[in-house]
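The values are calculated or read from the model by the stated rules, or taken from the named source; none is laboratory data. This structure is a prediction, so every number in the text was calculated from the model and none was measured. Note that we place each Cβ from the backbone using ideal geometry, even for glycine, and neighbour counts take in every protein chain shown. Surface accessibility is based on the protein's heavy atoms, side chains included, excluding ligands, DNA and RNA. Shrake-Rupley method; radii C 1.70, N 1.55, O 1.52, S 1.80 Å.
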Amino acid sequence: MSTSSSAPPAIRHLCEVPQARAAVAAMIHAEFWADVPGASVDGMAARLAQAGSADALPLCRVALAGGQPVGVANLVDYDDPNPRVGRPWLAGLVVVPAWRGRGLGSRLVHTLLADARRLGETQLFLGSDGPGFYTRLGAQLHQQLRPDFWLLRFDLGHDLGHDLGQDLGP
């Protein structure tokens, strides 16, 4: 079946679909950790196993198409302890190539923003070498750490409907 005719992927908490953990760990490892000495898919799977509830950090959201993971994003206490500028952090956003450019990354980010609000958070931080994607979604440039790397911040005190491009009414 072609992904172009598929229904939009369902976004679930990884704790609701633990059978996807190994595949999600492999996605994150391949994107961010493959060149890091000592990092492994098994180690990432162990970290993901800590996301055992939809009501506490860490959270892992996975996008499933035909039961297969095609995207992932995490909400964690701290992604990088240096510098400790705030918490929580959006971490490990990955969308498989076949689903890129179709709004799935934006949906995953919006879902995590809603999760952070639901948990009472007022800000969400992340680091990126490509801040344009996140600034288009409403993130503010917080600090440029290197010529090719920025810390960004979402301020969560405003209306969720604004983030989703929806009018939620009075």
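Ordered by packing density, taken as the mean number of other Cβ atoms within 10 Å over each peptide's residues, highest first, how do 57-65, 112-120, 19-27, 94-102 rank?
57-65, 19-27, 112-120, 94-102
Rounded to the nearest whole Å², what accessible area per residue is found for region 1-126 with the 1.4 Å probe?
Result: 48 Å² per residue.
Show log10 I(q)/I(0) for the chain at q = 0.14, 0.15 Å⁻¹, two decimals, from a solvent-free Debye sum over equal Cα scatterers.
Rounded to two decimals, the profile gives -0.74, -0.86.
Determine the sum of side-chain charges near residue 22: Lys and Arg each +1, Asp and Glu each -1, restricted to other residues whose C-beta is under 14 angstrom from that of residue 22.
+1
Shape verdict for region 1-78, please, from the Cα gyration tensor: rounded (a/c under 1.5), prolate (a/b greater than b/c) or oblate.
Oblate, because a/c is 1.5 or more while a/b does not exceed b/c.
What residue among 13, 142, 29 shows peak mean-square fluctuation when the chain is described by a Gaussian network model with Cα springs under 10 Å?
The residue with the greatest mean-square fluctuation here is 142.
Under the rule of at least 5 residues apart or a separate chain, name every residue whose amide H is placed under 5 Å from the amide H of residue 142.
Under 5 Å from the amide H of residue 142 lie the amide H atoms of 151, 152, 153, each far enough along the sequence or on another chain.
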